[in-house]
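The values are calculated or read from the model by the stated rules, or taken from the named source; none is laboratory data. In this text the structure is predicted, and so the values were computed from the model without any measurement. Note that each Cβ is placed from the backbone with ideal geometry, even for glycine, and that neighbours are counted across all protein chains shown.
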Amino acid sequence: MSALPPYAGPLERIWYYAFRVICGLILFFLIMPILVIIPLSFNAEPYFTFTPGMLALDSDAFSLRWYRDIIENEQWLHSMKNSFIIGICATILATALGTLAALGLTRAHMPARNLFMGILISPMIVPLIITAAGMYFFYSDVGLAQTLPGIILAHTALGTPFVVITVTATLAGFDTNLIRASSSLGATPTYTFFHVTMPLIMPGMVSGALFAFITSFDEVVVVLFLAGFEERTIPRQMWAGIREQISPTILAVATLLIGVSILLLVTLEVLRRRGERLRGLSPG
């Protein structure tokens, strides 16, 4: 069934299809540089270009050697372990702190709400290089530079704004009468939060947590300032690989990260639709 109304004129029909062609070209322009990385990661030769064998679709020109190198290389394994440890810990802290901040900011009598909101989301606004430099000088003074706890706290600060924004948006449609009803039935504030408030704002919390994890997992500027050799993460190892030892293993890692990003984006979309259904904004 056509999306165009039957009374649409010739110019409207032309624009309808032209608009979709333009959107398709823009999407192709944005996605193509990323898609090129995927076949190159299966190159049997240590090159960053398509070989004649690859262009001819010769099976001997393709190999999994660079993916095997990820498993066999101690530096990549160590970087992956650091990335997951830092990402998971930073996500847990950012989700807890961001949720508490969002609950406070949505209170009806919260003083200076806009001021506190601006401070909390400032890591998203301030250029990252400035934030990283400030964290370096501060963490150096308190002894947290070149330590995993220091990087975890830094990534927590970068991920918290995403949790604040998503949870605040979820609380915008929250019915506070549910809290009053729970209190009137004798429930404690803690019981009310975990059994009434939290289940309803869970989609926003999980969405914010995923954004915080992506931010931590992909972040490289702060790690360049704060991390030593033992605290290298995957983006830091990729940066070092490009500057010090060019290897197509970087392409294999990038392909894996693209897959992880796609899975996280699909999860975010599923959670968004579920949140809309819970708030009655879309049909079930």
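Among residues belonging to the range 61-120 that are basic (Lys, Arg) and part of a helix (DSSP H, G or I), point out the one that is surrounded by the most Cβ atoms within 10 Å (Cβ to Cβ). Explain how you work it out, then say what you get.
Kept after step one, since they are basic (Lys, Arg), are these residues of the range 61-120: 65, 68, 81, 107, 113.
Still in the list and also part of a helix (DSSP H, G or I): 65, 68, 81, 113.
On the way: ARG65: 16, ARG68: 12, LYS81: 12, ARG113: 14.
So the residue we want is ARG65.
Would a scan of the range 194-213 turn up a residue that is touching a helix residue (DSSP H, G or I) at 6+ places or on another chain (Cβ under 7 Å) and closer than 19 Å to ASN82 by Cβ?
yes
From the list LEU263, LEU178, LEU257, which one is outside the structural domain of LYS81 (by TED's automatic domain parsing), exposed (fewer than 15 other Cβ atoms within 10 Å of the Cβ) and part of a helix (DSSP H, G or I)? Explain how you work it out, then say what you get.
Values: LEU178 fails: outside the structural domain of LYS81 (by TED's automatic domain parsing); LEU257 fails: exposed (fewer than 15 other Cβ atoms within 10 Å of the Cβ).
Residue meeting the stated conditions: LEU263.
Go through THR170, THR192, THR156, THR160 for me and flag whichever is in a helix (DSSP H, G or I), within 17 Å of the chain's Cα centre (by Cα) and within 19 Å of ARG107 (Cβ to Cβ). Can you show your working first?
Numbers: THR170 fails: within 17 Å of the chain's Cα centre (by Cα); THR192 fails: within 17 Å of the chain's Cα centre (by Cα); THR156 fails: within 19 Å of ARG107 (Cβ to Cβ).
THR160 is the lone residue from the list that is in a helix (DSSP H, G or I), within 17 Å of the chain's Cα centre (by Cα) and within 19 Å of ARG107 (Cβ to Cβ).
Over 30 Å from PHE213 (Cβ atoms), free of Cβ contacts under 8 Å to residues at least 40 places away in the same chain and either in a helix (DSSP H, G or I) or not basic (Lys, Arg) (or both), is that true of ARG20? Step through it out loud before you land on a result.
Values: over 30 Å from PHE213 (Cβ atoms): yes; free of Cβ contacts under 8 Å to residues at least 40 places away in the same chain: yes; either in a helix (DSSP H, G or I) or not basic (Lys, Arg) (or both): yes.
Taking the combined requirement at face value, the residue satisfies it.
Give PRO235, PRO203, PRO189, PRO248 a once-over and let me know the one that is touching a strand residue (DSSP E or B) at 6+ places or on another chain (Cβ under 8 Å) and not acidic (Asp, Glu).
PRO248
When you scan the range 214-231, how many residues do you find that are surrounded by fewer than 22 Cβ atoms within 10 Å (Cβ to Cβ), in contact with a helix residue (DSSP H, G or I) (Cβ under 8 Å, 6 or more places away or on another chain) and not in a helix (DSSP H, G or I)?
Within the range 214-231, residues that are surrounded by fewer than 22 Cβ atoms within 10 Å (Cβ to Cβ), in contact with a helix residue (DSSP H, G or I) (Cβ under 8 Å, 6 or more places away or on another chain) and not in a helix (DSSP H, G or I) number 1.
Looking for something modelled with pLDDT of 90 or more, more than 24 Å from the chain's Cα centre (by Cα) and not assigned by TED's automatic domain parsing to the domain that holds GLY208 - is there at least one such residue anywhere in the range 46-66? Quick ask: steps written out before the conclusion?
If we filter the range 46-66 for residues that are modelled with pLDDT of 90 or more, which is where we start, we get none.
Among the residues of the range 46-66, not one is modelled with pLDDT of 90 or more, more than 24 Å from the chain's Cα centre (by Cα) and not assigned by TED's automatic domain parsing to the domain that holds GLY208, which makes the answer no.
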